[in-house]
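> Questions regarding the structure given below will be posed in turn.
Every read-out reported here was derived from the displayed coordinates using simple, explicitly stated rules and does not represent laboratory data. The structure presented is a predicted model; accordingly, all values stated were derived computationally and were not measured. For neighbour counting, all protein chains shown are included, and Cβ atoms are generated from backbone atoms with ideal geometry for every residue, glycine included.
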Amino acid sequence: MNKKFAIIIGGAGHRDGSEIQETIMTMLAIEKHNSTYELFAPDRTQYHVINHLTGEEMAENRNMLVEAARIARGKIKSLDDFNVLDFDAVIFPGGFGVAKNFFNYAFKGVKATVDEQIEQVIKEIRAVNKPIGALCISPVLLAKVLQGITVTIGNDDATAHDIELMGSHNINTSAGEVISDKINKIFTTPAYMLNASGISDIAEGADNLITAILDNM
């Protein structure tokens, strides 16, 4: 369909940055649909660094853009260079780092505040009425910024309740399903918010997400 997507990530690894498999499966899904993408990440230090083998915090600092470049094989730009008018849609993969770096939901729940740059980008996308896709925990980010939207994070009751308190609505889903809020052009899938049976579930969800966005362009 030859559409152009922006994928916004931060860091590399589900414990402190963006979920690698969700990001890669999104990239693959876009290519499978004869479309293209560019990756962007904030050029600043992530909240903290987690040893993904032990789960323990490490005494070091890492830059989200530098770490995200590992996923992108170096083909990534600073979020400072993002221009929404250059793209047909924008995707936010998940990962616990989203809830630490893009907003502080991991620590403050419904009282979370959103990073100023991330909030501005989301509002810019909304202002020009272009589709936004989100996987895993990222639908909560959209719910916090935009409010009044319908999303899914799977079937986690506590997180779904928080989404309702933020002024948005959650619909429970199973692996691979997509919720399409066509009025607001918000498309979401639970990915690793559910206990996925394997990377095939993530691939299915990402492919269904991109299909839903393209079908509603």
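> To the nearest 20 Debye, how big is the dipole of the chain about its Cα centre, given +1 on the beta carbon of each Lys and Arg and -1 on that of each Asp and Glu?
Details: 19 positive and 28 negative charges, 78 e Å.
Here the chain has a charge dipole of around 380 debye.
> Also, I was wondering about something else. Pop a pseudo-label 7 angstrom from the Cα along the beta-carbon direction at both Thr36 and Asn2 and give the gap in nm to one decimal.
1.1
> Using a simple spin-label model with points 7 Å from Cα along the Cα→Cβ vector, what separation in nm is obtained for Asn172 and Gln147?
According to this spin-label approximation, the distance is 2.8 nm.
> Label point 7 Å out from Asn216 along Cα-to-Cβ: which residues of segment 81-106 have amide N under 15 Å?
Counting only backbone N, you get 89-92.
> How far apart, in nm, are the 7 Å Cα→Cβ label points at Asp81 and Asn104?
3.1
> Using only the Cα atoms of the chain, build the gyration tensor, take square roots of its eigenvalues as a ≥ b ≥ c, and label the shape rounded, prolate or oblate: rounded if a/c is under 1.5, else prolate if a/b is larger than b/c, else oblate.
Values: a/c = 1.27, a/b = 1.11, b/c = 1.14.
In terms of gyration-tensor shape, rounded.
> Test of understanding: ordering Ser174, Ser138, Ser168 by Cβ neighbours within 10 Å, fewest first, what list do you get?
Values: Ser174 12, Ser138 29, Ser168 23.
Neighbour counts put them in this order, fewest first: Ser174, Ser168, Ser138.
> Right, here's the next one. Which lysines does Lys111 reach when only Cα atoms under 24 Å apart count, and residues fewer than 8 places away in its own chain are ignored?
Candidates past the 8-residue exclusion: Lys100, Lys123, Lys144.
> Here is a further query. Determine the shape class of segment 11-59: with a ≥ b ≥ c the square roots of the Cα gyration tensor eigenvalues, call it rounded for a/c under 1.5, and otherwise prolate if a/b is greater than b/c, oblate otherwise.
It is oblate, given that a/c is not under 1.5 and a/b is not larger than b/c.
> Mind checking which of Val90, Val140, Val110 has the largest fluctuation in a GNM of the chain, springs on alpha carbons under 10 Å?
Comparing Val90, Val140, Val110 in a Gaussian network model of the chain, the most mobile one is Val110.
> Going by how many other beta carbons lie within 10 Å of each one, how would you line up Thr36, Thr173, Thr54, fewest first?
Ascending number of Cβ neighbours within 10 Å: Thr54, Thr36, Thr173.
> Now, a different point. Which of the aspartates and glutamates could be linked to Lys3 by a straight reach, that is with a Cα gap under 13 Å, when you skip same-chain ones fewer than 8 residues away?
Cross-link targets: Glu31, Glu38, Asp86, Asp88, Asp215.
> Give the separation of the Cα centroids, segment 61-117 to segment 170-217, in Å.
Their Cα centres are 19 Å away from one another.
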